[in-house]
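One structure below.
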Amino acid sequence: RMQDNHFCSQEHLGKIVGDTHVAMVKHLSKILKDNDIPITPDQFRVLMYLWQQDGKSQQELAVLSCRDRANVTRIIDILEREGVVERLDDENDRRIFKIHLTEFGKTLESQTLECVQKSTEDALQGINPSDLEICIKVLKKIAENLQ
């Protein structure tokens, strides 16, 4: 019967981590919408890397954001339609596009980061900093174990 309990705890852990992720994404999405910021949490995951260093390729953005290339292409298509980014030819390799922020895309950074900060503060309300440190350490170890 020990094996049954072990399986249940694994299933339970996965569900808790998944439910937490979904809740955090929904909450951030609501805060972004309430502040009239026209991006989604998925788009934020890509934009975050362009705000750090503009002009990355789609492949680089896919690797950095842990998304597949098709997903990143779809996100960039939407961001381009919204006037947040533009695709420019790579001067060294015409087969590659570099993704650059537009002026509008650059202006979204500080507002978006404020929303992310607010969402994180809401999520961590009432949580002891040492408990959070342990939680982060454990989750990183789980991810490391599975790579």
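The values are calculated or read from the model by the stated rules, or taken from the named source; none is laboratory data. Please read all numbers here as calculations on a predicted model, not as lab measurements. Glycine gets a Cβ as well: all are built from the backbone with ideal geometry, and neighbour counts include every protein chain shown. Quick note on the areas: whole protein, heavy atoms, side chains included, nothing else; ligands and nucleic acids left out. Shrake-Rupley method; radii C 1.70, N 1.55, O 1.52, S 1.80 Å.
Of all stretches in the chain that contain no GluC sites (Glu not before Pro) in a DSSP loop with at most 16 other Cβ atoms within 10 Å, the longest one is 1-81. Relative contact order of the chain: 21 percent, from C-alpha pairs under 8 Å at least 6 residues apart in sequence. When all protein chains stay in place and ligands, DNA and RNA are ignored, the 1.4 Å accessible-area order of Met24, Met48, largest first, is Met24, Met48. Around the amide H of Val85, modelled in the peptide plane, lie the amide H atoms of Glu80, Thr102, all under 5 Å away and 5 or more residues distant in sequence or on another chain. Paramagnetic label reach from Asp122 (point 7 Å along Cα→Cβ; backbone nitrogen cut-off under 14 Å): within the stretch 22-50, residues 22-37, 41. For the chain, the convex hull spanned by the alpha carbon atoms encloses 149 Å³ per residue.
What is the helix-to-structure angle for 129-145, meaning the angle in degrees between its Cα long axis and the longest Cα principal axis of the chain, kept from 0 to 90 and rounded to the nearest 10? In the chain, helix 129-145 runs at an angle near 80 degrees to the longest axis.
Angle of helix 69-81 to the longest C-alpha principal axis of the chain, folded into 0 to 90 degrees and rounded to 10: 50°. In a fully extended conformation the segment linking Thr73 and Glu91 would gain 4.5 nm over its present Cα-Cα distance, using 0.36 nm per residue. Note on Leu132/Lys33: beta-carbon distance plugged into 1/(1 + (r/R0)^6) with R0 of 35 Å gives a FRET efficiency of 0.85.
For the listed residue pairs Lys26/Lys118; Lys30/Lys106; Lys15/Lys141; Lys30/Lys141; Lys98/Lys141, the alpha carbons are over 25 angstrom apart in Lys30/Lys141; Lys98/Lys141.
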